[in-house]
Amino acid sequence: MKKLLKIIGIVLLIIIVGVFTLWKVLEYRGNHYYKYLKTEKDLEKKYSKLGEYEVSFKSFNADSDVFKEYEIWYPTGLKKSSNKYPVVVIANGTGITASKYKSFFKHLASWGFVIIGNEDKNSRSGESSSKSLDYVLKLNQDKNSIFYNKIDTGNIGIGGHSQGGVGTINAVNNWGNGKLYKAMYTASATASFWGQEGQLGTEWAYDITKITIPYFFIAGTGHFDSGEATSIKETSGQGICPLYAMKDIYSKLTTEYKVMGRLLNIDHGETYQKADGYMTAWFMYWLKGDKQAGNVFFGDNAEILTNANWQDVKINK
């Protein structure tokens, strides 16, 4: 009996160690996801990696029970630099606050951006993104802040995933400082179908026709993201961001520069990480003038058009 108990104890210990090891491996991969992205093309690979800048982090009390904190990731050399840095505001997905996006924020900041987010769990109105932008611009004017006179106010972008996609659109359209944004990006933005009475409600609504700045929007082909519907009349298996809804957005956008695409075999919860390289390239081009990054999207040989990881790509320029 003692021998049997000893064997059982050893087996349990092996299982516990194995589970703990697996958990630590998965945790490491999650915190360093950019090392494990399956990239197809040279520029996708380049911008999926960490950039050249070491990254630091600061948080600030938001004096709000909803937003809680403003969190900023930024190039460590900013404090001693005479340069100004472009800003990207991130709108959170449902329940996924900035503190849960740490590696995502770090990646973008490593390319020379100041990235600001908050702890808003319901970002769809765009208010928390508007407040975040106000706050970082306030720091830019505060002589006691390390961000004093370090923000490139002519190069500000915004992006968001899922509900954060709705928040991104509404932050640009419905808030006074929305006019300051130069470019935008969304991953798997909740389709306008859901912003109706009888669905999620009109607080999820947005007006895509008001967008006038360059807009790159993506989703995945996985079932949860795309669903089965081929038109708004089909509600069974609707999906969060189906292809027909993306095509509708593209057709209604009047902005001069618009790009859409879907990641092959990627579902809703993964899109913001899997598209990280091209999101980075989008902001590098529009906010930092990186011409090589522009080769992802523009020209006869735009990289995204021949990338096997992507399908349903549309580009108007």
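Some notes on this structure:
- Qualifying positions in region 270-288 - out of contact with any Phe, Trp or Tyr (no Cβ under 8 Å at 6 or more places or on another chain), in a helix (DSSP H, G or I) and under 16 Å from Thr221 (Cβ atoms): Glu270, Thr271, Lys274
- Residues that are assigned to a strand (DSSP E or B) and of a type in the set (Asp, Glu), drawn from region 60-82: Glu69, Glu71
- Residue among Val89, Val66 that alone is surrounded by 23 or more Cβ atoms within 10 Å (Cβ to Cβ), of a type in the set (A, V, I, L, M, F, W, C) and out of contact with any Cys (no Cβ under 6 Å at 6 or more places or on another chain): Val89
- Residue tally, condition in contact (Cβ under 8 Å) with a residue 40 or more places away in the chain and surrounded by fewer than 16 Cβ atoms within 10 Å (Cβ to Cβ), over region 289-315: 5
- Qualifying residue in region 135-147 (condition: touching a residue at least 12 places away in the same chain (Cβ under 8 Å) and under 30 Å from Gly239 (Cβ atoms)): no
- Count - residues of region 210-244 that are within 19 Å of the chain's Cα centre (by Cα), among the aromatic types (Phe, Trp, Tyr) and more than 24 Å from Tyr181 (Cα to Cα): 1
- Test: residue in region 245-262 that is out of contact with any Leu (no Cβ under 6 Å at 6 or more places or on another chain), more than 30 Å from Asn177 (Cα to Cα) and modelled with pLDDT under 95: no
The values are calculated or read from the model by the stated rules, or taken from the named source; none is laboratory data. The structure presented is a predicted model; accordingly, all values stated were derived computationally and were not measured. Cβ sites come from the backbone with ideal geometry, for glycine too, and all protein chains shown count toward neighbours.
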